[in-house]
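Participant: Provided herewith is a single structure, encoded as structure tokens, for subsequent inquiry.
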Amino acid sequence: MSLTTLPTRPEPLELDLARSAVIVVDMQNAFASPKGLLDLAGVDIAGAGAVVATLAPILADARLRGVPVIYLQTGYKPDLSNGGGPASPNPRKETALCLMRQRPELKGQLLVEGTWDFQIVPELAPEPNDVVVLKTRYSGFAGTQLDSVLRVRDIRYLFFVGIATNVCVESTLRDAYFHEYWPVLVTDGAMQAGPPAAHEATIFNVESFFGWTLTAQQLRQALGTISP
């Protein structure tokens, strides 16, 4: 085992890149593209383009280094049967399900498997050796095979990127911590749903209670693809 010390906050973290993965959370048209779910819901997505541009070289670097790239992708069946029934709070809070209920003309178009909204943005499309894990709740660990995917690969350290910082990214990162993984949030590789303070609040939560943070440049330096 060869440990690398990263300049993370709130303190440096030693980790093994050979046991690490990049977790790409919900980089779908729904969350990152004009006329996608968040845009239709009135959420400011002006920062999404910068996140996409930041992530493309990170994912390329990870693949070159042999660090697995694992995508989480939110999607519902056309009949919404996996969205949650009357006993579930999910249909009352999840944006796509709420918006499709409020605006019948959008029924079947938001985060439904096979739709444009569901697709990962073209600039970050998964490559053949990447892993895609479908999910139907905010956390990538809820009702999925993510934990098994990581454990069979002996992965213990997770770099988190994606949208939304304060919703699916933070939910999955917290669950990663509870599952005894070592989570690291790439602060400029994520975007919040809501005001900028929501992004800052997640950074505070991660650094204080659940993990570590670093920048995209610092991660790329650790991967050995750019110089300090």
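Bear in mind these aren't lab numbers, they're just calculated from the coordinates by the rules spelled out. This is a predicted model, so every value here is computed, not measured. Neighbour counts are summed over all protein chains in view; Cβ atoms, including those assigned to glycine, are modelled from backbone coordinates with ideal geometry.
Participant: How many residues are buried (at least 16 other Cβ atoms within 10 Å of the Cβ) and either free of Cβ contacts under 8 Å to residues at least 12 places away in the same chain or under 21 Å from PRO89 (Cα atoms) (or both) if we restrict to segment 111-141? Let's see the steps before the verdict.
Facilitator: First pass over segment 111-141, keeping only residues buried (at least 16 other Cβ atoms within 10 Å of the Cβ): 111-112, 115, 117-121, 124, 126, 130-131, 133-141.
Those still in the list that are either free of Cβ contacts under 8 Å to residues at least 12 places away in the same chain or under 21 Å from PRO89 (Cα atoms) (or both) too: 111-112, 115, 134-141.
Counting residues in segment 111-141 that are buried (at least 16 other Cβ atoms within 10 Å of the Cβ) and either free of Cβ contacts under 8 Å to residues at least 12 places away in the same chain or under 21 Å from PRO89 (Cα atoms) (or both) gives 11.
Participant: What strands (runs of 3 or more DSSP E) lie completely within segment 7-85 and have 3 or more residues being crowded, with 17+ Cβ neighbours inside 10 Å and of a type outside the set (Gly, Ala, Ser)?
Facilitator: On the way: elements: 13-15, 20-25, 69-74.
Passing ranges, in order: 20-25, 69-74.
Participant: Follow-up. Which of the residues spanning segment 158-216 are in contact with a Lys or Arg (Cβ under 6 Å, 6 or more places away or on another chain) and charged (D, E, K, R)?
Facilitator: GLU207
Participant: Given the conditions (1) within 30 Å of TRP182 (Cα to Cα); (2) of a type outside the set (Val, Ile, Thr); (3) over 16 Å from the mean Cα position of the chain (by Cα), and given that GLU113 satisfies all but one, which numbered condition is not satisfied?
Facilitator: (1)
Participant: Just for segment 142-166: of the residues that are of a type in the set (A, V, I, L, M, F, W, C) and surrounded by fewer than 22 Cβ atoms within 10 Å (Cβ to Cβ), which one is farthest from VAL51 (Cα to Cα)?
Facilitator: First, pick out the residues of segment 142-166 that are of a type in the set (A, V, I, L, M, F, W, C): 142, 146, 149-150, 152, 155, 158-161, 163-164.
With surrounded by fewer than 22 Cβ atoms within 10 Å (Cβ to Cβ) added as a condition, the list becomes 142, 149, 152, 155.
Working: ALA142: 25, VAL149: 25, VAL152: 30, ILE155: 25 Å.
Restricting to residues being of a type in the set (A, V, I, L, M, F, W, C) and surrounded by fewer than 22 Cβ atoms within 10 Å (Cβ to Cβ), the top hit is VAL152.
Participant: If the requirement is being closer than 20 Å to ALA62 by Cβ, assigned to a helix (DSSP H, G or I), touching a Phe, Trp or Tyr at 6+ places or on another chain (Cβ under 6 Å) and in contact (Cβ under 8 Å) with a residue 24 or more places away in the chain, which of these qualifies: VAL169, VAL184?
Facilitator: Values: VAL184 fails: assigned to a helix (DSSP H, G or I).
VAL169 is the lone residue from the list that is closer than 20 Å to ALA62 by Cβ, assigned to a helix (DSSP H, G or I), touching a Phe, Trp or Tyr at 6+ places or on another chain (Cβ under 6 Å) and in contact (Cβ under 8 Å) with a residue 24 or more places away in the chain.
Participant: Checking PHE204 against (1) touching a Leu at 6+ places or on another chain (Cβ under 8 Å); (2) part of a helix (DSSP H, G or I), which single condition isn't satisfied?
Facilitator: Unmet for PHE204, out of (1) touching a Leu at 6+ places or on another chain (Cβ under 8 Å); (2) part of a helix (DSSP H, G or I): (1).
Participant: Within segment 141-151, can one find any residue that is among the small types (Gly, Ala, Ser), part of a loop (DSSP other than H, G, I, E, B) and either within 18 Å of the chain's Cα centre (by Cα) or under 24 Å from ILE203 (Cβ atoms) (or both)?
Facilitator: Looking only at segment 141-151, we keep the residues that are among the small types (Gly, Ala, Ser), and these are 142-143, 148.
Next, from what is left, pick out any that are part of a loop (DSSP other than H, G, I, E, B): 142-143.
In the following step, the residues that additionally are either within 18 Å of the chain's Cα centre (by Cα) or under 24 Å from ILE203 (Cβ atoms) (or both) were identified as 142-143.
Looking for residues that are among the small types (Gly, Ala, Ser), part of a loop (DSSP other than H, G, I, E, B) and either within 18 Å of the chain's Cα centre (by Cα) or under 24 Å from ILE203 (Cβ atoms) (or both), one finds at least one in segment 141-151, hence yes.
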